[in-house]
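Participant: What follows is a single structure, and I will ask about it in a moment.
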Amino acid sequence: MSEAFDCAKCGESLYGRKYIQAEGGPHCVPCYDGTFANTCAECKELIGHDSRELFYEDRHYHEGCFRCCRCEKSLADEPFTCQDNELLCNECYCSAFSSQCSACGETVMPGSRKLEYGGQTWHEHCFLCSGCEQPLGSRSFVPDKGAHYCVPCYESKFAPRCARCSKTLTQGGVTYRDQPWHRECLVCTGCQTPLAGQQFTSRDDDPYCVNCFGELYAPKCSSCKRPITGLGGGKYVSFEDRHWHHSCFSCARCSTSLVGQGFIPDGDQVLCQGCSQADL
């Protein structure tokens with residue numbers, strides 16, 4: 001008499017029937033599926049022994065159930081993304097969640113190198129300087145009315161230029177006659193002394209320090225012979241073709257200040273009325 005060959009689960013004879021060897025012995029197909037098969041996370045039915053089973057993040061799927069939740073394309077042999085527990089093919093994911101390049105209008109694919117600025121997105125190779133059209137990458141740039149410039153192009157196109165050397169002013173600088181100058185370019189026409197932060201004047205649009213202007217153009221005081229520049233609020237007195245500093249306009253004899261007083265010219269000198277009357 002032959003030895004019994006029964007299903008380890010239901011006890012029915014397996015002679016002439018298809019069976020599967022599993023833990024605890026052979027199982028008929030219905031018992032094997034009922035005991036060992038996983039439940040599909042999509043359709044909630046058992047994944048039979050003869051079905052192709054796919055596994056992703058602790059979940060099991062029939063091959064036909066493992067598909068994009070939007071276009072329903074099979075993901076069995078396709079790249080995919082899981083978004084909020086939903087499976088998406090790359091095309092649907094990009095359409096729903098990826099940005100469009102502001103330059104070329106194409107999708108910026110997940111994982112690709114991109115640049116974001118002002119709520120816009122670019123492929124790295126599409127984010128170009130509006131001047132030289134070279135990729136900006138990680139370089140510093142300056143935005144201007146929807147355009148983007150590398151620093152050299154922006155300075156060349158927009159930065160003010162020095163009235164003397166015509167080169168751009170990247171920082172600092174001074175204003176003279178409503179024009180920008182490098183601090184080192186604003187110098188005295190006579191002695192080349194830097195004038196930035198110093199008192200100075202001009203003649204024929206050329207700047208001069210106080211000393212050079214006084215020596216070259218200012219009238220000389222008839223008393224001390226030093227230049228009368230009138231700068232810094234300095235006051236002076238003129239009479240005929242002669243000039244005096246306020247502090248120098250005094251009687252040639254008694255040294256009394258004649259500013260605001262009557263005086264008498266006496267040759268190259270000026271006298272107060274008292275000293276002039278003493279000669280009579």
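The values are calculated or read from the model by the stated rules, or taken from the named source; none is laboratory data. Since the model is a prediction, treat every value here as computed from it, not as a measurement. Methodologically, a virtual Cβ is constructed for each residue, glycine included, from the backbone with ideal geometry; neighbour enumeration extends over all protein chains shown. Calculation scope for accessible area: heavy atoms of the full protein, side chains included, ligands and nucleic acids excluded. Shrake-Rupley method; radii C 1.70, N 1.55, O 1.52, S 1.80 Å.
Participant: Skip the ligands, DNA and RNA, and give the accessible area per residue of the range 139-206 with a 1.4 Å probe, whole Å².
Facilitator: Per residue, the range 139-206 has 66 Å² of solvent-accessible surface.
Participant: Also, quick follow-up: Which of the trypsin sites (Lys or Arg not before Pro) found in the range 1-94 are in a DSSP loop and have at most 10 neighbouring Cβ atoms, other than their own, within 10 Å?
Facilitator: Values: sites: Lys9, Arg17, Lys18, Lys44, Arg52, Arg59, Arg67, Arg70, Lys73; in loops: Lys9, Arg17, Lys18, Lys44, Arg52, Arg70, Lys73.
Here the sparse-neighbourhood loop sites are Lys18, Lys44.
Participant: So, counting K/R as plus one and D/E as minus one, what does the shell of residues with Cβ under 14 Å around Phe36 add up to? Intermediate results must be reported in sequence, preceding the final value.
Facilitator: On the way: positive: Lys9; negative: Glu23, Asp33, Asp50, Glu53.
Overall, the nearby charge balance is -3.
Participant: Also, I was wondering about something else. Leaving out ligands and nucleic acids, note down the accessible area per residue over the range 1-78 with a 1.4 angstrom probe, in whole Å². Numbers along the way, then the final one.
Facilitator: Details: 5270 Å² over 78 residues.
That works out to 68 Å² per residue.
Participant: Which residue, Gly131, Gly25, Gly118, has the most motion in a Gaussian network model of the chain that connects Cα atoms within less than 10 Å?
Facilitator: Per the Cα network of the chain with a 10 Å cutoff, Gly25 tops the list.
Participant: Spin-label point model (7 Å from Cα, Cβ direction): what's the Ala147 to Arg59 distance in nm?
Facilitator: For the pair Ala147/Arg59, the computed spacing is 5.1 nm.
Participant: While we're looking at this one, here's another question. Pick out, from Ala159, Ala147, His62, the residue whose Cα sits farthest towards the positive end of the charge dipole of the chain, with +1 on the Cβ of Lys and Arg and -1 on the Cβ of Asp and Glu.
Facilitator: So the residue furthest toward the plus end is Ala159.
Participant: On to the next question. Give me the accessible area of Phe5, 1.4 Å probe, in Å² rounded to the nearest 10.
Facilitator: 60 Å²
Participant: On to the next question. Quick one: putting +1 on the C-beta of Lys and Arg, -1 on the C-beta of Asp and Glu, what dipole do you get for the chain around its Cα centre, in Debye to the nearest 20? It would help to have the intermediate numbers written out before the result.
Facilitator: On the way: 26 positive and 35 negative charges, 424 e Å.
Its charge dipole is roughly 2040 debye.
Participant: Just to be sure I follow the rule: in the chain, considering lysines 8 or more places apart or on different chains, how many pairs have Cα atoms under 20 Å apart? Intermediate values should be presented prior to the final figure.
Facilitator: Details: Lys9/Lys18; Lys44/Lys73; Lys145/Lys157; Lys157/Lys167; Lys220/Lys235; Lys225/Lys235.
Lysine pairs meeting both conditions in the chain amount to 6.
Participant: Placing +1 on the Cβ of each Lys and Arg and -1 on the Cβ of each Asp and Glu in the chain, which of Leu14, Phe213, Cys92 has its Cα farthest towards the positive end of the resulting dipole?
Facilitator: Phe213
Participant: Taking a probe of 1.4 Å, how large is the accessible area per residue of the range 220-279, in Å²? Present the calculation step by step, with values, prior to reporting the outcome.
Facilitator: Details: 3690 Å² over 60 residues.
I get 61 Å² per residue for the range 220-279.
Participant: Using the crude model of +1 on Lys and Arg Cβ and -1 on Asp and Glu Cβ, and no other charge, please compute the dipole size for the range 50-150 relative to its Cα centre, in debye to 20. Don't skip to the end; give the middle numbers.
Facilitator: On the way: 9 positive and 16 negative charges, 102 e Å.
Charge dipole of the range 50-150: 480 debye, to the nearest 20.
Participant: Then there is this: Can you tell me the Rg and the Dmax, both Å, for the Cα atoms in the range 220-279?
Facilitator: For the range 220-279, the Cα-based Rg and Dmax read 11.5, 39 Å.
Participant: Which residue, Asp178, Asp144, Asp268, has the most motion in a Gaussian network model of the chain that connects Cα atoms within less than 10 Å?
Facilitator: The residue that fluctuates most here is Asp268.
Participant: So, in nm, how far is label Cys224 from label Gln273 when the simple model puts each one 7 Å beyond its Cα toward the Cβ?
Facilitator: Going by the 7 Å Cα→Cβ label model, 2.8 nm.
Participant: For n ≥ 4 DSSP H runs only, could you compute -39500 (n - 2.57) per run for the chain, divide by its residues and tell me the 222 nm figure to the nearest 500?
Facilitator: Helices in the chain give a 222 nm mean residue ellipticity of -3500 deg cm²/dmol.
Participant: Under 10 Å, Cα contacts only: if you run a Gaussian network model on the chain, which one of Gly48, Gly146, Gly11 comes out with the highest mean-square fluctuation?
Facilitator: In this elastic network of the chain, the residue with the biggest mean-square fluctuation among Gly48, Gly146, Gly11 is Gly11.
Participant: Could you please tell me the mean projected area of the C-alpha convex hull for the chain, averaged over all directions and given in square nanometres to one decimal? Before the final figure, lay out each step's value.
Facilitator: On the way: hull surface 124.4 nm².
One quarter of the hull surface, i.e. the mean projection, equals 31.1 nm².
Participant: Report in % the part of the accessible area of the range 220-279 that belongs to carbon and sulfur, leaving out ligands and nucleic acids; probe 1.4 Å. It would help to have the intermediate numbers written out before the result.
Facilitator: Numbers: 1630 of 3690 Å².
C and S atoms contribute 44 percent here.
Participant: Under a Cβ-only charge scheme (Lys and Arg +1, Asp and Glu -1), can you give me the dipole magnitude of the range 220-279 about the Cα centre, in debye to the nearest 20?
Facilitator: On the way: 6 positive and 5 negative charges, 66 e Å.
For the range 220-279, the charge dipole is close to 320 debye.
Participant: Once R0 is set to 30 Å, what does the formula 1/(1 + (r/R0)^6) return for the Cβ-Cβ distance between Glu45 and Met109, expressed as a FRET efficiency to the nearest 0.05? Intermediate results must be reported in sequence, preceding the final value.
Facilitator: On the way: r = 35 Å, r/R0 = 1.18.
Calculated transfer efficiency: 0.25.
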